[in-house]
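Everything below concerns the one structure shown next.
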Amino acid sequence: MGPPIVNRVPSCPTTTPWSPWSGAAPDRPPVPTVRRLAAVTPSSPATGLAVAHLFWTAEPGADRAAIIAAIDEVASGEDQVVTVSILGHHSDLCTMLLVRDQWTIRRFQTRLAAAGLLLVDSYLSLTELSEYAQGVPEPMKQARLYPQLPPPEKPAFCFYPMSKRRTADANWYRLPFEEREALMREHGASGRAFAGRVVQLITASTGLDDDEWAVTLFCQHPDDVKEVVYTMRFDEASAVYAEFGRFVVGMIAEPGDALDSIGVAG
């Protein structure tokens with residue numbers, strides 16, 4: 001039979017977060033205090049809307065009714081949800097949210113995940129009135145900060161992120177404001193040539209996602225997407241100073257039709 005097991009007292013005193021070593025441990029540690037918020041504090045932009053492009057694929061057994069209920073709940077008030085059936089390998093479905101409180105995005109994302117959609121990509125941004133558009137008429141300012149989407153009769157959808165170049169020979173951020181403003185005025189004139197065919201929303205994402213802006217196009221026809229992007233590439237603001245991310249295209253549809261198109265049947 002071996003020697004008895006002895007529980008030895010540590011030779012070094014052990015201090016605790018609640019009290020410095022005083023030669024003897026307290027009878028019991030105090031109960032830690034847990035701070036809880038009485039309510040969730042809204043996370044809202046000071047001006048404009050929070051925007052989220054959420055890209056999903058459908059898991060087997062996805063709950064169609066729960067997905068539609070989550071979309072309807074967000075869209076029942078002042079917030080907006082645009083549903084898009086996506087083409088190609090990027091994803092199956094895009095839900096574009098324009099909301100006043102970022103918590104709405106978080107809750108929506110959780111509900112769709114619980115309903116059987118898998119989030120495979122996302123992009124976060126804010127509506128803004130850029131420094132080059134401060135002088136536009138008030139209705140145009142409001143349309144940029146608080147757009148109403150989707151526009152009618154514009155079913156072709158395109159999304160892409162972009163940034164301004166910062167290289168030794170082409171650094172947008174080293175140009176004087178007046179020069180940048182002139183280049184953006186030229187760029188805007190090219191875009192206005194597509195009025196009636198294309199509605200463009202540019203949202204700001206510096207510090208929010210990987211690029212500096214998100215561009216969302218709503219067009220009458222798919223070739224309108226191709227033509228407006230091609231035409232504007234020749235402007236100096238784009239040809240010299242722009243860097244583009246991935247392009248994602250699809251068709252805007254009602255939630256039920258979009259779910260039908262990706263195999264989430266009733």
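Some values worked out for this structure:
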quantity: The chain: angle of helix 177-192 to the longest principal axis, Cα-based, in degrees nearest 10; calculated: 60 degrees
quantity: Residue-averaged 222 nm ellipticity for the chain, from DSSP H runs of 4+ at -39500 (n - 2.57), nearest 500; calculated: -8000 deg cm²/dmol
quantity: 5 Å binning of all Cα-Cα separations within the range 186-266, expressed as whole percents from 0 upward; calculated: 3, 12, 19, 21, 18, 13, 7, 5, 2, 0
quantity: J(HN,Hα) series, the range 134-151, from Karplus relation 6.51 cos²θ - 1.76 cosθ + 1.60, nearest Hz, glycine and proline x; calculated: 5, x, 6, x, 4, x, 5, 4, 5, 5, 7, 7, 10, x, 10, 10, x, x
quantity: Among PHE108, PHE159, PHE194, residue whose mean-square fluctuation peaks in a GNM of the chain (springs only between Cα atoms under 10 Å); calculated: PHE194
quantity: Per-residue HN-Hα couplings for the range 97-113 [Karplus 6.51, -1.76, 1.60; θ = phi - 60°; Hz; x = Gly/Pro]; calculated: 9, 10, 9, 8, 9, 5, 4, 4, 5, 4, 5, 4, 4, 5, 5, 5, 5
quantity: Candidates PRO161, PRO137, PRO147: whichever shows maximal mean-square fluctuation once the chain is modelled as a Gaussian network with Cα springs under 10 Å; calculated: PRO137
quantity: The range 50-261: mean projected area of Cα convex hull, nm²; calculated: 12.0 nm²
quantity: Exposed-site-free run, longest, the chain (rule: trypsin sites (Lys or Arg not before Pro); DSSP loop; at most 11 other C-beta within 10 Å); calculated: 37-245
quantity: Within the range 52-139, GluC sites (Glu not before Pro) in DSSP loop having at most 12 other beta-carbon neighbours inside 10 Å; calculated: GLU78, GLU131
quantity: Residue among VAL40, VAL229, VAL120 with the largest mean-square fluctuation in a Gaussian network model of the chain, springs linking Cα atoms under 10 Å; calculated: VAL40
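Read-outs throughout are calculated quantities, based only on the coordinates presented, and are distinct from any laboratory measurement. Since the structure is predicted, the reported quantities are computational estimates derived from the model, not experimental observations. With ideal geometry, Cβ positions are generated from the backbone for all residues, glycine too; neighbour counts draw on all protein chains shown.
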